[in-house]
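The next block holds one structure in the form of structure tokens; read it before the comments.
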Amino acid sequence: MSQPVIILIETQIAQNIGTTARAMANFGLTKLRLVRPFADPLSKEARALAAGADDVLEHAEIFDRVEDALADLHCAYATTARLRDMVGLHMTPRQAAETMHRHVLENTRFGVLFGPERAGLNNEDVALCTGIISVPVNPHFSSLNLAQTVLLVAYEFYQTTIETPKLHLKQGESDFATKGELMGLFEHLEKELDKAGYFRTAHKRPKMVRSIHTMFSRVPFTAQEVRTLRGIVADLSKPKGISSHKEALSSQSDKPDRKKGLPE
């Protein structure tokens, strides 16, 4: 699959090359190019911060000129945090990822440039690129390190290549509670609230009960969670030191539970 080539220019710190390799590997990127690096990508410092992404470091290509690093690519994007008085296409990492995804579908080769740690890309390098990527951050503290910027770009690109899992509730080993089990909890809770004198005003009782039903019905409880809640209600309703778990369970419906066991 086509993927962005990550191009670091005049990187000064070996650890930044290592953390960049790690960020790339997190999101399946393998193509790293270094232009006039001041640090050795195979140094122990770089390898230590790569945290296992040695393959990215070992296959990194080194160039003397930015033009040579871009020569076989169809287009490239420059990352910069500084506002520049230059005509060009400006985009966020997410917008850039959508554009890069089109490059993947078209099977074109593309790269992303990252400048030196202190000064960033110069205007001459930016002028060689198809567009500019800027990360929207807190304007009062906009400092990102090199690997963070690489990670943001790599993450957004990766999201275009996978099917993001849908939002779901992980229920564990217990089945979801049936309406019958939930109504058993309601009856148990209302009975104990009546005993405690919670419903002080008779004409308000139906509305208060309805609010309780609505509150608990909104959450998809598991059967085990309902049993746990009934155990809590039972214990709170008894004098201190007297457990009534078994009594709470025996007051449930005669229908056997799908999951046996005492409340947690």
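Positive end of the dipole of the chain (Cβ unit charges, origin at the Cα centre): among 42, 25, 114, the Cα lying farthest that way belongs to 25. Computed from backbone phi, the HN-Hα couplings of the stretch 70-75 come to 9, 4, 8, 9, 7, 7 Hz, rounded to whole numbers (Karplus: 6.51 cos²θ - 1.76 cosθ + 1.60, θ = phi - 60°; Gly and Pro given as x).
So what is log10(I(q)/I(0)) for the stretch 112-206 at q = 0.19 1/Å, when the Debye sum runs over its Cα atoms only? The Cα Debye sum returns log10 ratios of -1.08. The mean of 1/r over all distinct Cα pairs in the stretch 3-135, once inverted, gives the Kirkwood hydrodynamic radius of 14.9 Å.
Its DSSP H runs of at least 4 residues, each contributing -39,500 (n - 2.57), put the calculated 222 nm mean residue ellipticity of the chain at -12500 deg cm²/dmol, to the nearest 500.
For the chain, the longest principal axis of the Cα atoms and the long axis of helix 14-26 meet at an angle of about 50 degrees.
Protection proxy ranking of 3-14, 153-164, 64-75, 92-103, by the mean of other Cβ atoms within 10 Å over each peptide's residues and highest first, is 3-14, 92-103, 153-164, 64-75.
Going highest first, how would you order 135-144, 17-26 by mean Cβ packing within 10 Å?
Taking the mean over residues of other Cβ atoms within 10 Å, the ranking is 17-26, 135-144.
Taking other residues whose beta carbon is less than 14 angstrom from the beta carbon of residue 14, and scoring Lys, Arg as +1 and Asp, Glu as -1, yields -2. Report the normalised scattering of the chain as log10 I(q)/I(0) at q = 0.10, 0.14, 0.15, 0.16 Å⁻¹, calculated by the Debye formula with identical scatterers on the alpha carbons. Computed log10 I(q)/I(0) values: -0.64, -0.86, -0.97, -1.10. Charge dipole (Cα centre; +1 on Lys/Arg Cβ, -1 on Asp/Glu Cβ; no other charges) of the chain amounts to roughly 1960 debye.
No value in this document is a laboratory result; all are computed from the given coordinates. Just so it is clear, the structure is predicted and the values come from calculations on it, not from any experiment. Don't worry about glycine lacking a Cβ; one is built from the backbone with ideal geometry, like all the others, and counts go over all protein chains shown.
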